[in-house]
Ligand SMILES: Nc1ncnc2c1ncn2[C@@H]1O[C@H](COP(=O)(O)OP(=O)(O)OP(=O)(O)O)[C@@H](O)[C@H]1O
Ligand SMILES: [Mg+2]
């Protein structure tokens with residue numbers, strides 16, 4: 001199974017102030033993106049090994065064309081359908097470092113752009129992940145961007161239009177984006193509400209690629225590859241996934257993702273009875289409703 005080659009994902013500060021202080025101490029112990037960059041350059045954000053990515057249509061060529069003109073890109077699609085894997089693969093293919101930020105409603109503009117920190121020698125500026133990416137030429141992937149507040153999201157505006165600059169207002173500096181820099185955001189069209197959606201002025205700065213669960217044979221190939229289960233069992237898992245996806249909107253809020261099918265496949269490959277594996281990895285996580293569980297359990301017994 002492919003291990004995520006770039007596990008460094010930056011989240012915002014959360015929780016109560018004490019937890020926050022501890023989290024900040026932890027974050028400092030792990031070292032910030034800026035410190036890492038000074039010490040190691042952007043090499044730590046380079047994906048060394050080719051990530052396994054099975055293309056499903058012309059998304060690879062379209063993304064390459066978009067990157068060649070440095071068009072900011074939005075990857076749209078339900079949870080667990082391959083958006084993160086795709087951006088890792090494209091960063092590897094283009095030979096560019098990838099800096100991922102997990103967005104959240106507590107995230108502030110300073111979490112992205114940077115802030116002054118106090119240390120023994122006084123204050124010093126520390127670039128946030130967006131500033132690191134813009135300065136040194138990485139692909140900056142803002143995961144689940146609708147989770148961020150709109151006043152935070154607007155800091156990407158000057159970087160995602162013809163200006164390609166990032167003003168660091170507190171520092172009095174304007175970063176001119178490195179030629180290799182690109183912003184990519186992910187967006188799950190099912191999740192936003194009136195309160196939580198991207199502004200039109202944000203959306204209209206991006207090109208968009210639609211992602212969805214792949215067609216049957218391709219999804220089975222992915223499940224088999226990623227979980228180590230044989231192709232026949234992978235196909236059965238995909239059948240169960242398709243049955244569940246048909247129940248979306250009829251009692252299920254979300255369809256079963258490719259990620260869940262891979263979990264079930266991994267359990268089966270490790271020797272767990274397929275019905276038990278499907279119960280644990282597919283049915284129980286997705287619904288608490290007894291009738292829905294029965295319906296899904298019976299789909300499982302049809303195939304295993
Ligand atoms: N086309 C694909 N090629 C290879 N692996 C894939 C593909 N699609 C999905 N996968 C597998 O499915 C898993 C889940 O995909 P991924 O994490 O990229 O989903 P996501 O769309 O980013 O979900 P989320 O919105 O929850 O972050 C991946 O770890 C990978 O194993
Ligand atoms: Mg993802």
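The values are calculated or read from the model by the stated rules, or taken from the named source; none is laboratory data. Because the structure is predicted, anything quoted here is derived from the model rather than measured. A quick note on method: Cβ atoms are made from the backbone with ideal geometry, for glycine too, and the neighbour counts reach across all protein chains shown.
Residue 172 falls short on exactly one of the conditions (1) surrounded by fewer than 16 Cβ atoms within 10 Å (Cβ to Cβ); (2) over 15 Å from residue 109 (Cα atoms); (3) in contact with a strand residue (DSSP E or B) (Cβ under 7 Å, 6 or more places away or on another chain), and that condition is (3).
For the range 46-61, a residue qualifies if it is over 17 Å from the mean Cα position of the chain (by Cα) and within 23 Å of residue 178 (Cβ to Cβ), and exactly one does: 48. Checking each residue of the range 104-120 against the condition of being in contact with a helix residue (DSSP H, G or I) (Cβ under 8 Å, 6 or more places away or on another chain), closer than 30 Å to residue 245 by Cα and crowded, with 17+ Cβ neighbours inside 10 Å gives at least one match. Only one residue in 63, 67 is more than 9 Å from ligand 2 (Cβ to nearest atom), in the same structural domain as residue 184 (by TED's automatic domain parsing) and buried (at least 21 other Cβ atoms within 10 Å of the Cβ), so which one is that? Testing whether each residue is more than 9 Å from ligand 2 (Cβ to nearest atom), in the same structural domain as residue 184 (by TED's automatic domain parsing) and buried (at least 21 other Cβ atoms within 10 Å of the Cβ) leaves just 63.
When 268, 286, 222, 218 are checked against the criterion of being crowded, with 23+ Cβ neighbours inside 10 Å, within 16 Å of ligand 1 (Cβ to nearest atom) and closer than 30 Å to residue 59 by Cα, a single residue qualifies: 222.
Look at residue 142 and say whether it is in contact with a strand residue (DSSP E or B) (Cβ under 9 Å, 6 or more places away or on another chain) and more than 22 Å from residue 68 (Cα to Cα). Against the criterion (in contact with a strand residue (DSSP E or B) (Cβ under 9 Å, 6 or more places away or on another chain) and more than 22 Å from residue 68 (Cα to Cα)), residue 142 does not qualify.
Quick one: would you say residue 229 is outside the structural domain of residue 91 (by TED's automatic domain parsing), over 15 Å from residue 76 (Cβ atoms), modelled with pLDDT of 95 or more and touching a helix residue (DSSP H, G or I) at 6+ places or on another chain (Cβ under 7 Å)? So residue 229 fits the description; yes.
Listed here are the residues, each with its yes/no results for (1) assigned to a strand (DSSP E or B); (2) free of Cβ contacts under 8 Å to residues at least 12 places away in the same chain; (3) closer than 30 Å to residue 154 by Cα; (4) within 16 Å of ligand 2 (Cβ to nearest atom).
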| residue | (1), (2), (3), (4) |
| --- | --- |
| 189 | no, no, yes, yes |
| 202 | no, no, yes, no |
| 222 | no, no, no, yes |
| 225 | no, no, no, no |
| 237 | no, no, no, no |
| 244 | no, no, no, no |
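Among the strands (runs of 3 or more DSSP E) confined to the range 71-170, the ones with at least 1 residues that are in the same structural domain as residue 184 (by TED's automatic domain parsing) and within 16 Å of ligand 2 (Cβ to nearest atom) are located at 73-76, 98-102, 139-143.
Inside the range 137-153, residues that are surrounded by fewer than 19 Cβ atoms within 10 Å (Cβ to Cβ) and modelled with pLDDT of 95 or more make up a count of 1.
Yes/no matrix, rows are residues, columns are (1) within 12 Å of ligand 1 (Cβ to nearest atom); (2) within 28 Å of residue 95 (Cβ to Cβ):
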{"position": "181", "(1), (2)": "no, yes"}
{"position": "196", "(1), (2)": "no, no"}
{"position": "200", "(1), (2)": "no, no"}
{"position": "206", "(1), (2)": "no, yes"}
{"position": "227", "(1), (2)": "yes, no"}
{"position": "233", "(1), (2)": "no, no"}
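Among residues of the range 64-90 being within 13 Å of ligand 1 (Cβ to nearest atom) and under 23 Å from residue 166 (Cβ atoms), the one that is farthest from the chain's Cα centre (by Cα) is 90. Residues of the range 54-70 that are without any contact (Cβ under 8 Å) to a residue 40 or more places away in the chain, over 19 Å from residue 217 (Cα atoms) and assigned to a loop (DSSP other than H, G, I, E, B): 69 alone.
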